[in-house]
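Okay, so here's the structure we're looking at.
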Amino acid sequence: MKNDTILLVEDNPDDEELALIAFRLGHVPGEVVVAHDGVEALDYMFGTGLYKDRDMSDHPRMILLDLKLPKIGGLEVLQKLKMDKRTQSVPVIVLTSSSEVEDIINSYRFGANSYVRKQVEFEKFADTIKQLGNYWFSINETIPE
Amino acid sequence: MTTNSSKHGSVRSLISLIDPYSRYLFGIALTFSIVLIGLITALHFSQQQAIQAAMSVSLNIPKTLAELNGRMRVEFVVSVLTAVCLISGVWYFLIYSLRKRAENLARAVESEEKYYQLLRLNPIPLGMVDLEGKVKFINDKFIKLFGYQLSDIPSLNEWFIVGYPDEVYRKWVKENWENDLSNALNNKTDIKPKVYTIARKDGVPLKVDVSGIIMEDSILVAFLDITDRMKAEEALRESEEKYRLFFEHAADGIFVTDHNGVLLDVNPSGCVLIGYPLADLRGKKLIDLLLPNAQEKMLYLFTRVLMGQTGPDVWKVISKNGNLIDVSLDMRALPDGRVLGIIRDISENLQAENQIHQAQQELTNLLKEADQSRMALLSMVEDHQMAEERISQLNTELEQRVQDRTSQLQASNAELEAFSYSVSHDLRAPLRAMDGYSNLLLSDYPDRLDDQGRHYLSRIQEASKRMGELIEDLLNLSRITRSEFIRRQVDLSQIAKEIAVTLRDQNRDRVVEFKIEPDLIVEGDSRLLKIVLENLMNNALKFTEKCKSALISVGKLSGGSEMVYFVKDNGIGFEMTYAGKLFAPFQRLHSVQDYPGTGIGLVIVQRIITRHGGRIWPEAEVGKGATFYFTLGGAK
């Protein structure tokens with residue numbers, strides 16, 4: 001059980017690439033798995049569909065979740081993860097462009113562990129990613145095995 | 001009376017005594033006188049001689065005669081005769097005048113006697129009192145009327161006591177009498193007649209008209225008994241009154257005509273019935289009130305009435321307004337030749353009959369209609385149900401329309417939400433890509449780019465950053481519109497202080513003084529008001545950038561009916577000509593290079609102020625700073 005993957009749920013290829021670059025630039029440890037919509041994200045987490053052979057016990061260290069996603073939206077994904085005992089302890093960081101109050105409120109109501117805005121300026125965005133990696137990998141304690 | 005008779009008798013006897021001698025003597029005296037006057041004239045003898053002769057004769061007539069001569073004898077005789085004549089003349093004169101007086105007296109006595117006779121037998125009760133109040137005489141009628149004898153009422157005092165037994169009344173009568181008497185005496189008139197109630201001897205009161213004549217030494221009083229007359233008058237008056245009352249208040253019309261049928265009087269009911277005032281009816285002929293074809297019949301009837309035949313009849317009378325009124329008419333002739341008629345409006349009776357007939361008819365109709373009504377009612381119930389259905393349908397429609405409208409509104413809100421959401425999420429990603437890749441190019445390929453290339457990339461970065469800011473502000477603006485409004489008490493001073501602290505932290509390199517008036521307490525949405533102050537104070541700070549020492553004041557204006565708050569700076573200001581542009585989205589008065597910003601801040605401020613029901617306006621001058629005033633609605 002490695003517990004060092006990062007699940008990045010992001011449908012925008014530009015954002016995905018920039019995020020990956022930011023991870024690299026920020027020297028964030030762990031493997032980044034990208035899910036391009038809500039269904040994919042849930043499949044990964046619950047070992048269904050595309051990921052039906054995945055070891056379910058291997059939870060990602062953190063999930064970076066965009067809210068606006070095709071098929072199943074980010075908030076619904078969040079809700080399902082947090083309502084399932086198997087996945088509810090996995091930190092979910094909502095990473096979005098949105099500054100809508102509604103989004104922030106709902107995210108926390110459904111159990112998001114953090115709400116982070118994607119900055120338009122790449123430098124700031126890269127810095128945010130770096131800090132997130134640092135925090136969730138180095139500072140934050142997870143439930144012991 | 002007795003005294004007068006005796007006086008009368010003695011005078012008469014005296015006259016009869018002297019009468020014969022005086023006539024005789026008168027004859028002789030007259031004869032002698034004529035002869036004597038002739039002789040005296042003829043003989044011219046002196047009076048002296050004659051007197052002397054007469055003197056001698058009277059002393060010794062035979063001797064004297066003998067002594068006298070012829071002429072002397074004659075003179076003597078003449079003298080004697082003259083003396084005789086004189087003496088008899090004087091005598092006669094005495095007797096004559098005495099007789100005249102006796103005759104006059106006798107005549108007076110005779111007339112007085114007749115006078116008393118007249119009084120005594122007078123048909124009017126009379127009494128006579130002297131001025132001392134002694135009753136001198138009462139006549140037979142007086143005695144008969146009152147029953148008192150002269151002995152009962154020797155003086156006025158007794159008369160008053162018995163005639164006016166009531167003391168108060170007596171006093172009043174006495175005063176009246178004395179007053180009238182003194183007036184009559186003073187003015188030499190009669191005592192005017194006055195009616196008194198005088199008690200008869202048996203106590204019966206009589207109405208008596210008392211008048212008097214002042215005589216030489218007495219007052220003759222006449223007592224006219226008007227008791228019966230007054231009773232009759234009273235009775236007549238009462239009867240007249242009764243008649244008048246009846247006439248005036250009878251419900252039926254009553255009229256009186258003369259024997260020609262000319263109306264003399266009509267009672268009020270009659271006037272009302274015919275519709276004319278009394279003045280118009282008087283002098284009108286009865287037949288004038290009838291239709292022409294009925295007039296002859298009336299003339300005939302009237303003749304019959306005058307002959308004593310009566311009986312009610314039904315007529316049509318023309319009223320003043322031209323209507324024909326059905327009346328019953330009953331006339332009868334009065335003894336004086338006039339005709340009394342009683343007229344009664346019977347049109348109502350006829351109407352009533354008609355009405356009863358109609359009512360019966362209506363009842364029949366009603367019964368008929370009842371059935372129809374029952375049918376109608378049933379259909380009405382149906383109608384009612386239909387109406388209710390219609391109302392409920394309308395209500396439903398209305399509700400539907402309200403719902404439609406609401407959902408339209410909701411849809412439009414949702415659309416706005418969705419739009420904002422989409423902008424929020426999707427519009428910024430491309431900007432991030434532009435900035436991100438530009439950044440990566442600059443950092444990863446520095447040696448492959450010359451200065452120009454790097455410049456272009458930095459311009460792309462700047463543009464995307466600015467675009468990001470614009471999007472941010474647009475979203476803020478839409479959020480202001482969409483957000484909930486919570487009104488409560490807000491301490492503007494506190495908010496301003498907090499903002500000042502933040503601004504100072506962010507601009508440590510600048511000298512800025514914030515002057516914030518304490519206790520600016522307002523009603524409003526604190527979150528929105530904070531945005532207002534943030535924007536205004538940010539602007540103030542921004543446009544004082546080039547001042548050595550910036551002064552930013554927040555306060556309120558005193559006076560006026562409305563509370564006016566302001567944020568004031570001593571910055572670069574602006575031309576008031578452009579003030580209107582301040583509140584339009586993306587309008588700017590300064591270049592972005594000099595003073596960065598999107599031009600949306602004041603639009604947001606204005607929208608918030610408007611949501612509070614207030615106004616905002618600037619006051620500025622180039623180089624002398626700007627002041628933004630605002631109100632928040634509501635009175636002071």
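Tallying residues that are at pLDDT 90 or above, in a loop (DSSP other than H, G, I, E, B) and surrounded by 19 or more Cβ atoms within 10 Å (Cβ to Cβ) within the range A:35-59 yields 1. You will find that of B:S182, B:S151, the residue that is under 16 Å from B:S218 (Cβ atoms) and at pLDDT below 90 is B:S182 and no other. Give the residue that is surrounded by the fewest Cβ atoms within 10 Å (Cβ to Cβ), with candidates limited to residues of the range B:411-429 that are in contact (Cβ under 8 Å) with a residue 24 or more places away in the chain and at the interface with chain A (Cβ under 9 Å from one of its Cβ atoms). Top of the filtered list is B:E417.
Would you confirm whether or not the range B:419-433 contains a residue that is part of a helix (DSSP H, G or I), out of contact with any Pro (no Cβ under 8 Å at 6 or more places or on another chain) and under 30 Å from B:L286 (Cβ atoms)?
So in the range B:419-433, the residues part of a helix (DSSP H, G or I) come out as B:419-433.
Filter once more, so that each one left must be out of contact with any Pro (no Cβ under 8 Å at 6 or more places or on another chain): B:419-433.
Those left that are additionally under 30 Å from B:L286 (Cβ atoms): none.
For the range B:419-433, residues part of a helix (DSSP H, G or I), out of contact with any Pro (no Cβ under 8 Å at 6 or more places or on another chain) and under 30 Å from B:L286 (Cβ atoms): absent.
Within the range A:37-72, the only residue that satisfies the criterion of being of a type outside the set (D, E), farther than 21 Å from A:K85 by Cβ, touching a Leu at 6+ places or on another chain (Cβ under 8 Å) and more than 14 Å from chain B (Cβ to nearest Cβ) is A:L64. The residues on offer are A:K124, A:K130, and the sole one that is more than 12 Å from chain B (Cβ to nearest Cβ), surrounded by fewer than 18 Cβ atoms within 10 Å (Cβ to Cβ) and either within 24 Å of B:I471 (Cα to Cα) or of a type outside the set (A, V, I, L, M, F, W, C) (or both) is A:K130. Candidates in the range A:133-145 are the residues that are out of contact with any Lys or Arg (no Cβ under 7 Å at 6 or more places or on another chain) and in contact (Cβ under 8 Å) with a residue 40 or more places away in the chain; of these, the one that is nearest to the other protein chains (Cβ to nearest Cβ) is A:G133. For the residues B:L394, B:L324, B:L329, the requirement of being away from chain A (no Cβ under 14 Å), among the hydrophobic types (A, V, I, L, M, F, W, C) and touching a Phe, Trp or Tyr at 6+ places or on another chain (Cβ under 7 Å) singles out B:L329. Condition check for B:E545 on (1) more than 14 Å from every other protein chain (Cβ to nearest Cβ); (2) free of Cβ contacts under 8 Å to residues at least 12 places away in the same chain: one failure, at (2). The criterion of at least 2 residues that are touching a Pro at 6+ places or on another chain (Cβ under 7 Å) and at negative phi is met by the following strands (runs of 3 or more DSSP E) wholly inside the range B:296-369: B:324-333. Note on the range A:98-119: among residues that are within 13 Å of the chain's Cα centre (by Cα) and of a type in the set (S, T, N, Q), the one that is nearest to the other protein chains (Cβ to nearest Cβ) is A:S107.
Remark: pairs (first residue in the range A:1-30, facing chain B (nearest Cβ under 9 Å); second residue crowded, with 21+ Cβ neighbours inside 10 Å and of a type in the set (K, R); Cβ separation under 8 Å; 6+ apart in sequence or on different chains) = A:D14/B:R432; A:D15/A:K118; A:D15/B:R432; A:L18/B:R432.
Scanning the range B:545-573 for residues that are crowded, with 18+ Cβ neighbours inside 10 Å and under 12 Å from B:K624 (Cβ atoms) yields B:K568, B:D569, B:N570, B:G571, B:I572, B:G573. Count of the range A:96-120 residues, restricted to those that are surrounded by fewer than 21 Cβ atoms within 10 Å (Cβ to Cβ) and at pLDDT 90 or above, is 12. When restricted to residues that are acidic (D, E) and either closer than 15 Å to A:I6 by Cα or in a loop (DSSP other than H, G, I, E, B) (or both), the range A:60-92 contains 2. Screening B:Q494 with (1) assigned to a helix (DSSP H, G or I); (2) over 20 Å from B:L536 (Cβ atoms); (3) without any contact (Cβ under 8 Å) to a residue 60 or more places away in the chain gives one miss only, at (2). Specify which of the listed residues (B:M298, B:M307) is under 19 Å from B:I318 (Cα atoms) and either free of Cβ contacts under 8 Å to residues at least 40 places away in the same chain or in contact with a helix residue (DSSP H, G or I) (Cβ under 7 Å, 6 or more places away or on another chain) (or both). Just a single option satisfies the conditions, and that option is B:M298. Of all residues in the range B:117-134, those that are within 14 Å of B:N157 (Cα to Cα) have Cβ atoms under 6 Å from Cβ atoms of residues that are assigned to a loop (DSSP other than H, G, I, E, B) and of a type outside the set (K, R), 6 or more apart or on another chain, in B:D130/B:D217.
Yes or no: A:L95 away from chain B (no Cβ under 14 Å) and either part of a loop (DSSP other than H, G, I, E, B) or under 14 Å from the mean Cα position of the chain (by Cα) (or both)? It would help to see each step written out before you state the result.
Values: away from chain B (no Cβ under 14 Å): no; either part of a loop (DSSP other than H, G, I, E, B) or under 14 Å from the mean Cα position of the chain (by Cα) (or both): yes.
No.
The values are calculated or read from the model by the stated rules, or taken from the named source; none is laboratory data. Given the structure is predicted, the values throughout are model-derived calculations rather than measurements. Positions of Cβ are generated from backbone atoms using ideal geometry, with glycine treated the same way; all protein chains shown enter the neighbour counts.
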